[in-house]
Amino acid sequence: MNFTCPVCREALAEEEKLYRCEKGHCYDKSKFGYVNLLQSQKSSAKRHGDDRVMIRARRDFLDKGYYGFLRDALYENCNEFLQSGASVIDAGCGECWYSSGIKQKLNENVKKISFYGVDISKDALEFASKRKSGIPAAVASVFDLPFNDCCADLLLNVFSPEADSEYLRVLKKDGIMIRVIPLEKHLFELKAAVYEKPYLNDVPETNVVGFTLIRTQKIRKAIELGSNEDIQNLFKMTPYYYKTSKNDQSKLDSLDRLKTQAEFEIRVYRKD
Ligand SMILES: C[S@@+](CC[C@H](N)C(=O)[O-])C[C@H]1O[C@@H](n2cnc3c(N)ncnc32)[C@H](O)[C@@H]1O
Ligand SMILES: [Zn+2]
């Protein structure tokens, strides 16, 4: 599988310092290793990826392993559905924390799986590239993925935008989409520490046009945050961070420990 050229849609061949299509369009790799395939005139309305504060917070939080139980569950699902030689797209990959760990475990299991990461945030891909996990990564929108039709065996959609028609397009027939969403009480105690009236999360419908839902798996864990830094990082990596007044945010400053519920649903779909 290859990235495709955003100008002519031909496959891009990877060279040491750049990607090139047969028509001669070239895209330099950044010094970190990712490639920018975002056409500046396109998709400006949908270009609001995560910023550096969120990304650094998420990287530091995830690297502490608090969500290791979710990554393990994702690995189990990937392992079940992937044969050696398969290709996976991590759509809205962020810092590739999930996909790099899953890839490593699959490799230990002697499965050769190619992963590709796409995110609209350059900062996220800078951190992803620094993981040196061998996952080629491109700055692009999940609503206009730089891949041919029917090229991938599996697509990961972990807390990223639900660009369903695009996910349908790039998956092979019978391809698998694995979606992760937060459940009602996800991080409830964290919200209760900040808001007077914390609300429950809305859980979206399961129906996705063009796909059959083949599995849902709810996973829950009470996570014990052991420092103020971890609490602040968890808060900063959520969408609440920018919606919360400085006054409410400061309620976290005095907390050094917090136990909060993490709960997710893994939804596995097969392309019809
Ligand atoms: C909540 S983060 C999840 C990141 C990663 N999947 C994880 O769970 O660690 C959502 C990611 O989607 C990216 N994103 C948002 N809109 C996007 C778009 N239109 N195209 C590609 N990525 C997008 C953000 O930059 C961010 O990295
Ligand atoms: Zn081209």
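Every read-out reported here was derived from the displayed coordinates using simple, explicitly stated rules and does not represent laboratory data. Computed from a predicted structure; not experimentally measured. A quick note on method: Cβ atoms are made from the backbone with ideal geometry, for glycine too, and the neighbour counts reach across all protein chains shown.
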Defining a contact as two alpha carbons under 8 Å apart and six or more residues distant in sequence, what relative contact order in percent does the stretch 107-236 show? 15
Label Asp149 and Arg257 with points 7 Å out from Cα along Cα→Cβ: what is the distance between them in nm? 5.8
Among Gly210, Leu190, Ser129 the positive-end extreme of the charge dipole of the stretch 120-272 (Cβ point charges): Ser129
Rounded to whole Hz and in sequence order, give me ³J(HN,Hα) for the stretch 27-34 from the Karplus expression 6.51 cos²θ - 1.76 cosθ + 1.60, θ = phi - 60°, writing x for Gly and Pro. 9, 5, 6, 5, 5, 8, x, 7
Could you tell me how many cubic angstrom of Cα convex hull volume the stretch 99-141 has per residue? 57
Would you mind checking which residues have amide H under 5 Å from Asn36's amide H? H placed 1.01 Å from N; only 5 or more apart, or other chain. Ser30, Val139
Expressed in nm², what is the orientationally averaged projection area of the convex hull enclosing the Cα positions of the stretch 118-272? 10.4
Gyration tensor over alpha-carbon atoms, the stretch 123-166, equivalent ellipsoid semi-axes in Å: 20, 13, 10
Separation of the Ala222 and Asp72 label points, Cα + 7 Å toward Cβ, nm: 1.8
GluC sites (Glu not before Pro) restricted to the stretch 146-245 and DSSP loop, no more than 13 other C-beta within 10 Å: Glu184, Glu196, Glu205
Per-residue HN-Hα couplings for the stretch 84-100 [Karplus 6.51, -1.76, 1.60; θ = phi - 60°; Hz; x = Gly/Pro]: 4, x, 6, 10, 10, 9, 9, 8, x, 6, x, 8, 6, 5, 6, 5, 5
For the stretch 150-191, what value does the Rg/Rh ratio take when both radii are computed over Cα atoms and Rh is the Kirkwood radius, given to two decimals? 1.17
Which length gain, in nm to one decimal place, applies between Asp272 and Glu196 when the Cα-Cα distance is subtracted from 0.36 nm times their residue separation? 22.9 nm
The stretch 70-124, dipole about Cα centre (Lys/Arg Cβ +1, Asp/Glu Cβ -1), debye to the nearest 20: 200
Stokes-Einstein, Kirkwood over Cα pairs, the chain, 37 °C, 0.692 mPa s; D in µm²/s equals 169
Rounded to the nearest whole Å³, what is the per residue volume of the convex hull around the Cα atoms of the stretch 157-219? 95
Base-10 log of normalised Debye intensity for the stretch 196-245 (one unit scatterer per alpha-carbon) at q = 0.23, 0.26, 0.32 Å⁻¹: -1.07, -1.15, -1.25
Whole percent per 5 Å bin, from 0 to the bin with the longest distance: what is P(r) over all C-alpha pairs of the stretch 78-178? 3, 14, 27, 26, 20, 9, 1
Okay, helix-only estimate at 222 nm for the chain: each DSSP H run of n ≥ 4 adds -39500 (n - 2.57), divide by all residues, round to 500 deg cm²/dmol; what do you get? -8000 deg cm²/dmol
Dipole magnitude of the chain, debye to nearest 20 (Cβ charges: Lys/Arg +1, Asp/Glu -1, about Cα centre): 180
Over the stretch 194-272, calculate the relative contact order: mean separation of alpha carbon pairs under 8 Å at least 6 apart, over the residue count, as a percent. 52
From a point 7 Å beyond the Cα of Lys111 in the direction of its Cβ, which residues of the stretch 120-151 have a backbone N at a distance under 20 Å? 133-136, 151
Just subtract the alpha-carbon distance of Lys185 and Asn79 from 0.36 nm times their residue separation and send over the number in nm, one decimal. 35.3 nm
Please list, or write none, the lysines whose alpha carbon is within less than 20 Å of the alpha carbon of Lys111, excluding same-chain residues fewer than 8 places away. Lys103, Lys132, Lys172
Where only alpha carbons of the stretch 1-147 are counted, the Rg and the Dmax (Å): 15.3, 46
So how strong a dipole does the stretch 1-98 carry about its Cα centre when Lys and Arg Cβ are +1 and Asp and Glu Cβ are -1, to the nearest 20 debye? 500
In this structure, the FRET efficiency calculated for Glu15 and Gln39 from their beta-carbon separation, with R0 = 30 Å, to the nearest 0.05, is 0.90
